Amino acid sequence: MKQLITLNINNQNYDVIVTPMDLLVDVIRKAIGLTGTKKGCGQGDCGACTVLIDGQPKLSCLTLAITCADKKIITIEGIANEDGTLHPIQDAFLDHGAVQCGFCTPGMILSAKALIDRNPNPSQKEIKTAISGNTCRCTGYINIVSAIESYANLVAEKGAK
Amino acid sequence: MGKMYEVSNRYNNYRDYTKEFTEVGRSIRRPDGADKVKGKVQYTDDLTLPRMVYGKLLRSKHAHANIVKIDYSKAMELEGVLGVITGEDCPIPYGIVPHNANEHALAVGKVRNWGEPVAAVAAVTEEIAEKALELIEVEYDVLEAIVDPREAVKRDDLRIHEDAPNNISYEGIQVYGDPDKALAESDYVLEQDYYSSYVNHGFIEPQSALADFDVATGKLHLYATCQVPHYTHQQLAKVLEMPLSKIRITVPLIGGGFGGKGVASQADFCSALLSRKVGRPVKITYERSDVFATNNGRHPCYMKMKLGFDKTGKITACDFTNLMDGGAYAGWGIVVLFYTASMVHIPYMIPNVRFDGKRVYTNKPTCGAFRGLGGVQPRFAMEQMLDQAAAHFGMDPYEIRMLNAAESGYTAMSKMYVPHTEYKKCLTECVEKSGYKEKHGKLPFGKGIGLSGGYYISGTSYTLYLSYKPHTVATIKVDEENDVTVYCGATDIGQGVDMVMAQMAAETLGVHTEDVTVIPRDTKISTFDLGTFASRLTFATGWAIRQAAEKINAELKPVAAGMLGIRGDEVEVQGGEFYNIYKPNKRVPWRDVVSSYIQTNGPLTKTGQFTPPRRKGIQQGGNIGHSPSFGFSAQIAEVDIDLETGKVNVVKITEAGDCGVAINPQSVEGQVHGSIGMGLGQALYEEMKIAPDGTFCNPSFHDYKVPTALDMPEIDANIVDAYDPSAPYGAKESGEGPIQPTIPAIFNAVYDAIGVRFTEMPLTPEKVLNAIKEQKAKGVF
């Protein structure tokens with residue numbers, strides 16, 4: 001049974017027609033056209049499809065779109081500053097060589113940002129745990145962890161968010 | 001206007017000699033990085049075209065079966081289904097190696113592995129396409145499956161391919177020197193069997209293809225996730241019976257390849273065939289299970305290695321037998337088979353070598369090219385045997401490697417020539433940085449440290465279809481509107497070649513990297529390049545770009561000289577300005593010189609090319625492994641084994657690599673980290689499991705485990721001071737060499753920790769725990 005719902009994505013309302021079966025990842029990518037959210041495994045294992053739902057990192061390939069009607073969704077397109085300049089966590093990823101093929105990057109950045117938002121002073125173990133659901137096959141994670149650490153330090157120093 | 005090539009070359013040689021680079025050697029941000037972190041950049045599956053529809057492949061649940069009948073009439077009756085194709089629509093076989101081409105986009109008459117596609121559907125939505133697959137009726141005559149190559153080679157009664165007796169896909173013998181005599185005369189001979197595992201690349205982006213066949217013009221435009229668009233171009237032309245000129249391949253960004261996208265995928269062919277049939281653009285994106293069914297991953301090898309040593313510890317001979325599990329089809333097989341042969345010749349000096357190898361068909365997804373292909377398997381054996389030999393001679397594992405290490409200018413028995421190596425420096429640097437000598441053999445039970453070395457080719461000297469045309473072409477356009485535009489078909493699969501090409505062009509042209517735009521990965525727009533494999537890009541594109549840039553300089557320098565009022569050979573360019581080398585404060589902006597040139601002469605475009613030197617191999621398959629240069633690396637792994645569970649925790653890896661001059665050191669570091677992550681996964685747990693009937697047991701990331709951030713050890717990656725004079729800007733490979741030492745370093749460390757030598761991957765907790773129990777029973781601890 002198709003129905004009209006409104007999804008709030010990156011502070012913008014989108015009216016979409018969905019069935020109860022439709023996955024959030026497909027609605028975001030195909031119906032709305034925000035292709036920054038990636039689909040790597042379709043089974044909740046790789047984390048490439050991670051989005052923030054009410055501030056929590058969630059796997060959009062395991063989330064039904066219809067359950068998100070009254071929630072706030074943030075995708076990678078909603079991370080940069082309003083004037084289009086990069087968010088400091090995005091800068092940190094580039095400065096530390098944490099981006100190679102880039103396919104895991106959106107999910108990785110969102111998981112990392114959610115961590116720092118709730119815990120601005122994480123240990124390295126906490127960082128690794130927070131991104132352990134995001135698989136990266138290119139970088140070996142070392143530079144990703146360094147990037148997140150540096151962003152956390154920036155938040156601690158300057159109160160950047 | 002006078003040509004200035006000599007002046008230009010002379011000065012560049014000087015700059016190379018003194019390594020006075022400004023753009024090369026700098027860790028700049030990736031030019032594509034900002035779009036990647038914003039989610040703006042588009043990969044193949046992100047693309048849509050007007051009137052686009054979706055394709056899906058029906059895959060066989062049987063590993064070995066004759067196809068009796070396919071009835072898709074019910075599928076065609078489903079509303080929204082536009083067309084179905086089967087093997088009848090693609091009878092022409094293809095293959096990356098032309099003289100061993102036996103693959104089909106869809107099975108013809110027979111399926112040979114679980115997951116082989118038998119039909120493809122195009123429908124207006126993915127859901128309808130999936131529903132249509134369920135309505136296709138396929139009648140199979142199921143055959144016995146063979147999944148073990150040791151059995152397959154004995155079963156001539158059950159041929160997977162009719163034309164392959166004993167299921168041998170390809171076999172070869174190479175003999176250099178007199179290994180029998182040398183082994184007989186050796187003071188110490190060591191012989192051991194090894195098995196390397198069946199692993200998958202695990203790139204995060206599944207293959208995707210979007211084909212747009214234009215019925216009006218008869219032209220095909222394919223957007224695809226492909227490391228080798230040139231070879232895909234050739235194979236599409238063959239299968240679709242179309243001229244190359246009517247096919248255009250665009251590769252949007254690729255989400256990791258590691259060799260797995262080094263062949264045309266069935267999605268490439270099926271989307272093109274369906275688009276031609278239904279007259280609309282068709283997109284096929286793989287599910288993760290499709291990726292595993294397609295595989296192309298690393299060949300499992302059953303190896304027997306025999307090494308001879310004289311009384312000083314010098315290697316006298318290597319006798320290497322290799323039975324490779326090729327899976328269902330030929331793929332890159334011949335090439336990988338002979339790479340395993342060539343990879344025993346270096347980084348050590350071995351005066352007598354025999355290789356006896358067979359690649360065998362089995363009813364498993366086909367094996368192909370995977371990072372460090374052909375080198376990872378024999379290195380796993382040899383680097384452990386060196387440790388064993390060192391113990392026999394009472395030497396340190398570091399000493400025996402130093403004693404046997406090849407030096408710059410070394411020519412192996414196979415005629416492989418090493419123009420430059422700092423392998424010894426790699427060994428020394430990682431031994432010093434890790435404290436190896438103080439720790440090896442001295443840590444408490446359960447903790448250990450292990451050393452290993454490795455190397456890899458930096459480019460290949462041959463095309464797969466043995467053509468002598470240039471392997472890479474780069475065109476540089478200079479104008480007032482865009483500054484510098486580099487056209488080159490090299491395919492960035494995440495390693496950063498687009499950035500490296502911009503840095504190298506900027507270096508020679510004397511501009512900033514940010515002033516350079518690279519137009520890559522489109523067979524219609526960018527210039528010819530063979531593809532991303534064999535760690536060839538930095539080397540090959542480097543020479544092509546440098547040659548083109550020097551030709552540009554030869555045009556611009558006389559103009560600049562006129563503007564500066566000096567002689568042409570007194571001009572140099574750097575930092576966006578031409579200047580008088582004797583009076584460096586006399587300068588003129590590069591852009592002003594370009595404007596002046598174009599107003600007088602018109603457009604300025606120059607092309608450079610690279611063809612590798614040909615050093616012909618002297619035996620069957622002996623051409624494979626020859627490379628313009630080689631990269632080297634050494635690693636030391638430290639492990640801490642949980643004695644209760646048998647889990648091997650890799651605590652730290654110290655790496656030192658010789659990639660010549662690092663064009664972008666941060667990028668090199670990234671390649672090293674990534675290599676170590678992959679090697680660690682293969683060493684400890686990654687393995688595709690195939691049931692005796694050929695069913696794939698773990699075709700998902702849920703059951704096929706790849707390392708997470710929590711699994712990674714501390715890594716100390718070091719770039720040794722090196723400069724290869726035969727390489728552009730002194731630079732050579734860094735993408736595949738660093739995976740070679742990881743696995744044997746971990747295995748050597750485990751031996752140091754518990755005194756047990758393992759010869760099979762992966763090193764699961766079960767195997768380790770059993771070994772610990774045996775050691776305990778012996779009273780070792």
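Key figures
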item: Rounded to the nearest 10 Å², the accessible area of B:ARG298 at probe 1.4 Å; result: 10
item: Candidate residues A:LEU34, B:LEU244, A:LEU110: accessible-area rank, largest first, probe 1.4 Å; result: B:LEU244, A:LEU34, A:LEU110
item: Relative compactness, the stretch B:97-157, computed as alpha-carbon Rg over 2.2 N^0.38 Å; result: 1.51
item: Entries of A:LYS2/A:LYS30; B:LYS56/B:LYS277; B:LYS652/B:LYS773; B:LYS246/B:LYS277; B:LYS61/B:LYS110 with Cα pairs more than 19 Å apart; result: B:LYS652/B:LYS773
item: Expected 222 nm ellipticity per residue - DSSP helices of 4 or more, -39500 (n - 2.57), all of chain B, to 500; result: -9000 deg cm²/dmol
item: For chain B, radius of gyration divided by Kirkwood radius, i.e. Rg to Rh on alpha-carbons; result: 0.99
item: The stretch B:66-198: relative contact order as a whole-number percent, Cα under 8 Å and 6+ apart; result: 25
item: Amide N of the stretch B:408-435 lying under 19 Å from the label point, which is placed 7 angstrom from the Cα of B:MET402 along Cα→Cβ; result: B:408, B:421-435
item: Probe 1.4 Å, accessible area per residue of the stretch B:271-338, Å²; result: 20
item: Theoretical FRET efficiency, 1/(1+(r/R0)^6), r = Cβ-Cβ of B:TYR723 and B:ASN66, R0 56 Å, to 0.05; result: 0.40
item: Tail weight of P(r) past 12 Å, computed on alpha-carbon pairs of the stretch B:532-574, percent; result: 64
item: Derived scalar couplings ³J(HN,Hα) [the stretch A:106-118; Karplus, 6.51 cos²θ - 1.76 cosθ + 1.60; whole Hz; x for Gly, Pro]; result: x, x, 5, 5, 5, 4, 5, 5, 4, 5, 5, 4, 9
item: Sequence-separation-based contact order of chain B, relative, with Cα cut under 8 Å and 6+ spacing, percent; result: 16
item: Chain-alone versus full-assembly comparison, the stretch B:193-208, residues with accessible loss of at least 40 Å² (1.4 Å probe); result: B:ILE204
item: Separation of the B:ASP193 and B:GLU644 label points, Cα + 7 Å toward Cβ, nm; result: 3.6
item: Spin-label model distance (nm) - B:LYS238 vs B:LYS40, 7 Å beyond Cα toward Cβ; result: 4.1
item: The stretch B:373-422: projected area of the alpha-carbon convex hull, averaged over directions, in nm²; result: 4.2
item: Listed residue (B:ALA184, B:GLY172, B:TYR194) projecting farthest to the positive dipole end of the stretch B:151-194, Cβ model; result: B:GLY172
item: Cα point-scatterer Debye curve for the stretch B:709-781, base-10 log of I(q)/I(0) at q = 0.23 Å⁻¹; result: -1.12
item: Computed over the stretch A:25-68, the ratio Rg/Rh where both radii use C-alpha atoms and Rh is Kirkwood; result: 0.92
item: The stretch B:296-376, Rg to Rh (Cα coordinates; Rh as Kirkwood inverse mean 1/r); result: 1.05
item: Drop in accessible area of at least 30 Å² in the complex versus isolated chain, residues of the stretch A:44-78, 1.4 Å probe; result: A:ASP45
item: Farthest positive-ward along the stretch A:58-105 dipole, Cα basis, beta-carbon charges - from A:THR63, A:ALA98, A:GLY84; result: A:THR63
item: Residues of the stretch A:102-138 buried by at least 30 Å² on assembly (accessible area, 1.4 Å probe, chain alone as reference); result: A:PHE103, A:LYS128, A:SER132, A:THR135, A:ARG137, A:CYS138
item: Long-range lysine pairs (8 or more apart or interchain), the stretch B:469-586, Cα under 21 Å; result: 7
item: Cα-centre dipole for the protein assembly as shown with unit charges at Cβ (Lys and Arg positive, Asp and Glu negative), debye to 20; result: 740
item: Peptide A:29-41, shielding by other chains (average Cβ, 10 Å cutoff); result: 5
item: Principal axis dimensions, largest first and in whole angstrom, of the stretch B:477-538 by Cα; result: 34, 23, 17
item: Shielding by partners - mean other protein chain Cβ count within 10 Å, residues of B:26-35; result: 4
item: Environment charge of B:ALA490, counting only residues whose C-beta is closer than 12 Å and scoring Lys/Arg +1, Asp/Glu -1; result: -2
item: Alpha-carbon centroids, the stretch B:252-289 and the stretch B:570-614: separation in whole Å; result: 42
item: Charge context of B:GLN740, other residues only, Cβ under 9 angstrom, K/R +1, D/E -1; result: -1
item: Karplus-derived HN-Hα couplings along the stretch B:729-745 (A = 6.51, B = -1.76, C = 1.60, θ = phi - 60°), whole Hz, x at Gly and Pro; result: 6, x, 9, 9, 5, 9, x, 10, x, x, 7, 5, x, 4, 5, x, 5
item: Scattering profile of the stretch A:1-58 at q = 0.17 Å⁻¹ [log10 I(q)/I(0), Debye over alpha-carbon scatterers]; result: -0.58
item: Cα-based Kirkwood hydrodynamic radius, the stretch B:475-598, one decimal, Å; result: 15.0
item: Interface B:A - total buried accessible surface [probe 1.4 Å, Å², rounded to 100]; result: 3800
item: Cα-centre dipole for chain B with unit charges at Cβ (Lys and Arg positive, Asp and Glu negative), debye to 20; result: 1120
item: Share of carbon and sulfur in the accessible heavy-atom surface of the protein assembly as shown [1.4 Å probe, %]; result: 50
item: FRET efficiency estimate (nearest 0.05) - Cβ-Cβ, B:VAL780 to A:ALA31, R0 41 angstrom; result: 0.05
item: Per-selection Kirkwood Rh - the stretch B:595-717 (Cα, Å, 1 d.p.); result: 19.6
item: Rg(Cα) / (2.2 N^0.38 Å) computed for chain A, rounded to two decimals; result: 1.03
item: Residue order for A:VAL18, B:VAL153 - accessible surface, 1.4 angstrom probe, largest first; result: B:VAL153, A:VAL18
item: Once the Cα gyration tensor of the protein assembly as shown is diagonalised, semi-axes √(5λ) in Å; result: 39, 38, 31
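The values are calculated or read from the model by the stated rules, or taken from the named source; none is laboratory data. As the structure is a computational prediction, the values presented were derived from the model and not from experiment. Every residue, glycine among them, receives a Cβ derived from its backbone with ideal geometry; neighbour counts consider all protein chains shown. Remember, those area values only see protein heavy atoms, side chains included, never the ligands or the DNA or RNA. Shrake-Rupley method; radii C 1.70, N 1.55, O 1.52, S 1.80 Å.
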